[in-house]
Amino acid sequence: MEKLLSTLRAAGEITRLRILTLLGEGELMVGEIVQILGQSQPRVSRHLKLLSDSGLIDRLQEGTQVFYRLCDSQLVRKFIHFTFTFIDRNDELLREDIRAAEYIRSQRFERAQIYFRENADSWNEIRSLYASEAEVETALLGMVGDGKGLNILDVGTGTGRMLELFAPYADVALGVDVSREMLGVARSQLAAKNLSNCHVQLGDMYDLPVGEASQDLVIFHQVLHFADQPQKAIIEASKAMSVSGKLLIIDFAPHDRESLRNEHAHRRLGFSENEMKGWADKAGLVATQIKYLDGGELTIVLWSFEKSETRKAV
């Protein structure tokens, strides 16, 4: 009862309702909220603290930047959805807030696109070496099946493409990456497609920002070849997987293209089946599906792993 009253008190104020409405459209930085509301940062920060302490919103620190978003817990989302049914979106103050937020997101999107264009040649060079992305993504969706309402974690999310692909299957999808520039691209892409169940944040593959046994699907898409310790990353992913969870790894089969190491910082030139299975075994996982996709100089391999106590290996 006290928790409910505390939550009601936190939401029951005009500025805080404006903030909740804004965050319902997508995450924002503190400075962006200040700009939209036209209030001082200390005042806005006090409102944000009350909302955060009540559990209605989450605070994410990324270097010197602080992002806020609506909490992903089912109870909070039900409460906010109920609250939003009583909010008049045609209220002039809220309409001005939303217009200002849309402008800020459009500026963020343009900055992200500039970064994307500046790096496109490098990415396209690598993509030209293997099967088309469409073929890879079709195979991935086939390995996941028709599950719905999943908690999904995309490790090394990059542009957020895997979040976009799996959004229809997700209750909540989180992408983590160590690159703030790439997170900027991902945020802009997800916001442009109104994927409100998808979020990104700064995160390390060796120390994932999720609870143990909390994820139904964990994805490493073209990430492990950058890793110093792939086995450690797989063990960390295994901890995050629910009992019936699945780990998808998409990477290269062994190859000898040294330019990827020298020019694109690849630490590993692909992975053998035995090597990957050995790491998975030490993490308490077994391979349930393995697919090879040819179509260029490099072969793509898709591995699907599950907890060893729930499935037999292939």
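The values are calculated or read from the model by the stated rules, or taken from the named source; none is laboratory data. No experiment lies behind these values; they were computed from the predicted model shown. For neighbour counting, all protein chains shown are included, and Cβ atoms are generated from backbone atoms with ideal geometry for every residue, glycine included. We work out accessible area using only protein heavy atoms, side chains counted, and drop any ligands, DNA or RNA first. Shrake-Rupley method; radii C 1.70, N 1.55, O 1.52, S 1.80 Å.
Out of all the residues in the stretch 90-106, is one or more open to solvent by 90 Å² or more (accessible area, probe 1.4 Å), under 28 Å from residue 209 (Cα atoms) and either out of contact with any strand residue (DSSP E or B) (no Cβ under 9 Å at 6 or more places or on another chain) or assigned to a loop (DSSP other than H, G, I, E, B) (or both)? No, the conditions are met nowhere in the stretch 90-106.
Counting only residues that are under 17 Å from residue 278 (Cβ atoms), at pLDDT below 95 and of a type in the set (A, V, I, L, M), the stretch 289-314 holds 2 of them.
Yes/no matrix, rows are residues, columns are (1) charged (D, E, K, R); (2) on the phi > 0 side of the Ramachandran plot; (3) more than 10 Å from the chain's Cα centre (by Cα):
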site	(1), (2), (3)
161	yes, no, no
164	yes, no, no
168	no, no, yes
183	no, no, no
190	no, no, no
193	yes, no, yes
196	no, no, yes
217	no, no, yes
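Could you please let me know if residue 160 is open to solvent by less than 10 Å² (accessible area, probe 1.4 Å), under 28 Å from residue 297 (Cβ atoms) and touching a strand residue (DSSP E or B) at 6+ places or on another chain (Cβ under 6 Å)? Against the criterion (open to solvent by less than 10 Å² (accessible area, probe 1.4 Å), under 28 Å from residue 297 (Cβ atoms) and touching a strand residue (DSSP E or B) at 6+ places or on another chain (Cβ under 6 Å)), residue 160 qualifies.
Within the stretch 67-105, the set of residues being under 15 Å from residue 15 (Cβ atoms), modelled with pLDDT of 90 or more and not hydrophobic (A, V, I, L, M, F, W, C) comprises 68, 96, 97. Criterion applied to 241, 205 was being touching a Lys or Arg at 6+ places or on another chain (Cβ under 7 Å), within 23 Å of residue 167 (Cβ to Cβ) and among the hydrophobic types (A, V, I, L, M, F, W, C), and the one residue passing it is 241.
The set of residues in the stretch 149-169 being touching a residue at least 40 places away in the same chain (Cβ under 8 Å) and over 21 Å from residue 251 (Cβ atoms) consists of 150, 151, 169. In the stretch 1-77, counting only helices (runs of 4 or more DSSP H) that sit wholly within it, the ones holding 2 or more residues that are touching a His at 6+ places or on another chain (Cβ under 8 Å), in contact (Cβ under 8 Å) with a residue 24 or more places away in the chain and open to solvent by less than 20 Å² (accessible area, probe 1.4 Å) span 14-23.
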